[in-house]
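What follows is one structure encoded as structure tokens, with my remarks underneath.
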Amino acid sequence: MNESWIAEARRGLLERARGDKSWGYQLRSRGEVEPTALAALALEAAHALAPSVNEAESRREQAAVSDALAWLAAHQGNDGAVRASMSAAPGEPAWATPLALRAWSLSEDFAEPRRRAVAWLLNRVGKIIPKDSPDVRIVGHDLTIVGWPWVEQTHAWLEPTAYALIALRGEAIATHPRIEAGLRLIDNRALPSGGWNYGNSLVLGRALRPQPAPTGVALVALAGQPRTPTIDRALAYLQQKWPMIEAPASMSWSVLGLDAWGERPRDADSRLARTFQAIQSRDDAATRLALLLLAGLEGSAGFLMRGPTR
Amino acid sequence: MNNSIPTTRRGFLTAAGALTAVGLGARAVQRADESHQRADVFIAHVDSYQDPIERSIREGLVELGFGPAWVRGKTVLLKPNLVEPTRDAPHVNTHPLVVRAAAEVYRSWGARRVVVAEGPGHCRDIDYVLDESQFAPMLASESLDFVDLNFDDYDWTKNKLNRTTLGALALPASIRNADLIVSMPKMKTHHWAGVTLSMKNLFGVLPGCCYGWPKNVLHQAGITESILDLNATVRPHLAIIDGIVGMEGDGPIMGTPKHAGVLVMGANLPAVDATAARLMGIDPWTIAHLAGSSGTLGPVDECHISQRGESINPQPFRTLTAM
């Protein structure tokens with residue numbers, strides 16, 4: 001592990017915290033749930049897996065993590081979902097709630113927000129289509145499997161289902177029927193050629209194209225499950241695609257997905273370091289820095305799937 | 001003219017990222033009175049991406065009555081269609097050289113700022129989309145700013161047409177702050193909507209963080225109705241369609257390349273799209289959102305569209321329309 005860029009990424013992430021202790025998608029935009037939760041997870045993973053910074057920096061990181069968790073708790077609604085905006089607009093997104101839940105599990109101080117977020121998550125269901133609908137024949141996947149949607153009253157898709165699994169399995173409720181169904185949904189949405197995209201496998205008889213980031217997220221969510229041909233094909237897709245990926249988020253999720261199955265690329269560290277150098281000063285760097293940091297820490301995939309650590 | 005490939009009945013599947021557009025489609029069969037509506041559309045013949053695209057766009061816009069006075073000091077937002085990342089199928093997305101050419105025209109006419117913006121519907125990682133679509137090197141070489149509309153700050157804006165039940169639409173700050181919005185789609189068939197041109201391209205304006213990936217909220221609300229609401233609320237100022245190489249068959253992502261050798265442009269999006277549909281050999285009145293635009297958003301009938309530039313020489317596009 002190249003510790004110099006990891007240390008720089010930790011500092012860079014800390015410097016991007018907003019005055020209200022959250023992180024935004026852009027340097028000057030409002031705080032949002034996803035970047036805040038990812039930043040807390042990345043800083044905590046760095047603390048656990050690469051405890052090499054000096055004591056003052058370590059204290060600063062720990063304070064930032066605690067503040068981020070508190071910010072997330074302050075944005076939890078009465079229904080248990082976490083939304084950046086507390087406005088009553090019906091479309092205000094809540095899909096990052098599992099990431100907040102996963103971040104809260106870093107501390108024992110958020111048992112109640114976690115309990116409410118778990119309840120909300122278990123009640124959130126993507127719309128299904130009955131097997132006897134003529135529409136069923138148009139897509140290649142099983143529309144009766146219950147998963148998680150991005151937005152209320154819409155269908156289940158791959159990434160929100162994977163995020164929910166990562167969060168719920170971290171809550172040590174691995175045998176819940178929703179988790180079982182979620183695992184089935186991910187398996188069912190796999191592309192014949194290997195890997196995943198946003199969640200359509202075949203439409204009108206045509207197999208669609210895979211993408212690295214959803215494939216990596218799915219492989220992390222499936223970590224610990226028995227290895228299947230679906231997983232083998234996904235790993236082969238990522239290994240084949242890996243040399244061509246330059247985008248930080250796709251690169252990071254690829255490493256995390258491969259790492260979760262013991263296939264971390266040998267050149268992961270050097271390529272992540274180069275990508276970090278290329279993007280660190282961008283206005284929209286926060287989520288990218290958090291993901292690069294997570295990917296740069298060997299064992300992060302396991303960290304993402306573990307339960308409470310403190 | 002029948003270029004369609006028959007598919008399973010019905011379709012319009014919300015679960016596939018599609019819709020239930022049957023309601024409006026049926027209503028729209030009745031032609032509205034659009035006799036009060038007129039629009040100009042310019043067709044430029046551009047055989048390849050190596051041709052002088054900038055000159056064609058400039059000439060077309062001048063012919064349509066636009067020039068430096070229209071642009072000077074303004075922020076211009078160019079909205080290409082970058083629906084999903086693929087290096088192997090460049091006909092999925094608007095070609096970067098068309099966007100570069102448009103940016104050059106606006107810059108040369110004194111635009112204060114030209115920005116490219118998109119919120120891809122099938123991929124959250126905008127860096128990956130830009131890499132795969134070859135936009136990243138173009139943006140860098142031209143020093144063009146790019147905004148990821150999926151994660152821009154947004155505000156809820158009242159829906160101005162209400163063909164859907166979506167009372168408000170989440171509009172990104174970059175869209176609200178732009179003086180001129182230019183829809184720059186690829187000329188493609190669409191297996192649910194018939195065609196995807198400058199009007200459908202506006203799906204990419206709405207942030208995925210509120211509508212999902214794909215933007216399934218819009219599919220649930222009805223693709224046709226959503227297209228109409230979006231166009232009425234955003235009110236883009238211009239359309240430039242990349243029809244140099246378009247897509248036929250199983251569009252918008254799995255179809256095959258189709259050389260049409262045209263750019264189609266104009267300030268009235270329904271008129272531009274209706275003209276492009278005719279170029280594709282498709283009757284625009286069979287496209288529910290075009291028929292639904294007639295009488296409200298713009299004219300569809302040929303007799304209400306003043307056509308400049310090249311004459312229409314249809315290049316029939318095979319379609320794959322689920323009925």
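The values are calculated or read from the model by the stated rules, or taken from the named source; none is laboratory data. All values derive from a computational prediction rather than experimental measurement. Neighbour counts run over all protein chains shown; Cβ positions are idealised from the backbone, glycine included. Protein only, heavy atoms only, side chains kept; ligands, DNA and RNA dropped before computing areas. Shrake-Rupley method; radii C 1.70, N 1.55, O 1.52, S 1.80 Å.
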Could you estimate the translational diffusion coefficient of region A:3-305 from the Stokes-Einstein equation, with Rh from the Kirkwood formula over C-alpha pairs, at 20 °C and 1.002 mPa s, in whole µm²/s? 110
Quick check of the Kirkwood formula: for region A:1-81, what is the inverse mean of 1/r over all pairs of different Cα atoms, in Å? 13.1
Rounded to whole Å and sorted largest first, what semi-axes of the equivalent ellipsoid does the C-alpha gyration tensor of chain B yield via the square root of 5 times each eigenvalue? 26, 23, 20
Work out, step by step, the length gained on full extension between A:T228 and A:D67: first 0.36 nm times the residue separation, then minus their alpha carbon distance; give nm to one decimal. 53.9 nm
Please compute the alpha carbon radius of gyration of region A:70-185, then divide it by the globular-protein estimate 2.2 N^0.38 Å. Two decimals is fine. 1.11
Work out from phi, with θ = phi - 60° and the Karplus expression 6.51 cos²θ - 1.76 cosθ + 1.60, the ³J(HN,Hα) of each residue of region B:156-172, listed in order in whole Hz, and give x for Gly and Pro. 7, 10, 4, 5, 8, 10, 6, 6, 9, 8, 6, x, 9, 10, 7, 9, x
The relative contact order of chain B, taking Cα pairs under 8 Å that sit 6 or more residues apart, comes to a percentage of 29
How much of the accessible area of the protein assembly as shown, in percent, comes from carbon and sulfur atoms when a 1.4 Å probe is used? 50
Projected label distance in nm at A:M244 and B:T256, using a 7 Å step from Cα toward the beta-carbon: 2.2
Alpha-carbon spread of the protein assembly as shown, three principal axes, descending order, Å: 74, 57, 45
Förster-model FRET efficiency, 51 Å R0, A:A278 and A:I173, C-beta, rounded to 0.05: 0.80
According to a simple spin-label model (label point 7 Å from Cα along Cα-to-Cβ), what is the distance in nm between B:R55 and A:A48? 6.3
Run the 1.4 Å probe and let me know the accessible area of A:M244, rounded to the nearest 10 Å². 90
Expected sort for A:32-41, B:64-73, B:290-299, A:60-69 on mean C-beta neighbours within 10 Å, highest first, is A:32-41, B:290-299, A:60-69, B:64-73
Sorted by chain and number, the residues with a modelled amide H under 5 Å from that of A:T144, at a separation of 5 or more or across chains, are A:I129
Taking chain B, how many lysine pairs are there with alpha carbons less than 13 Å apart, if each pair must be eight or more places apart or span two chains? 7
Which FRET efficiency value, to the nearest 0.05, is calculated for B:S35 and B:R72 with the Förster distance at 56 angstrom and r the Cβ-Cβ distance? 0.95
Give me the dipole magnitude in Debye, nearest 20, for region A:126-187 about the Cα centre, with unit charges on the beta carbon: positive for Lys and Arg, negative for Asp and Glu. 60
Gain on full stretching of the segment that runs from A:R266 to A:Q153 - 0.36 nm per residue minus C-alpha separation: 36.4 nm
Would you list which aspartates and glutamates come within 20 Å of A:K131, measuring only between C-alpha atoms, while excluding same-chain residues fewer than 8 positions from it? A:D142, A:E180, A:D187
Quickly work out the B:R112-to-A:A56 label distance, labels modelled 7 Å from Cα along the C-beta direction, and quote it in nm with one decimal. 4.4
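Using 1/(1 + (r/R0)^6) with R0 = 60 angstrom and r between the beta carbons of B:I312 and A:A111, what's the FRET efficiency to the nearest 0.05?
Working from the Cβ atoms, E equals 0.30.
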Spelling out what I want: for every residue of region A:257-264, take phi, set θ = phi - 60°, compute 6.51 cos²θ - 1.76 cosθ + 1.60 (Karplus), and round to whole Hz; glycine and proline get x. x, 5, 4, 4, 10, x, 10, 4
Cα pair distances exceeding 25 angstrom across region B:117-229, given as percent: 19
Total accessible area buried between chains A and B, 1.4 Å probe, in Å² to the nearest 100? 3800
Taking loop as defined by DSSP and a crowding limit of 12 other beta carbons within 10 Å, which trypsin sites (Lys or Arg not before Pro) in region A:113-200 fit? A:K131
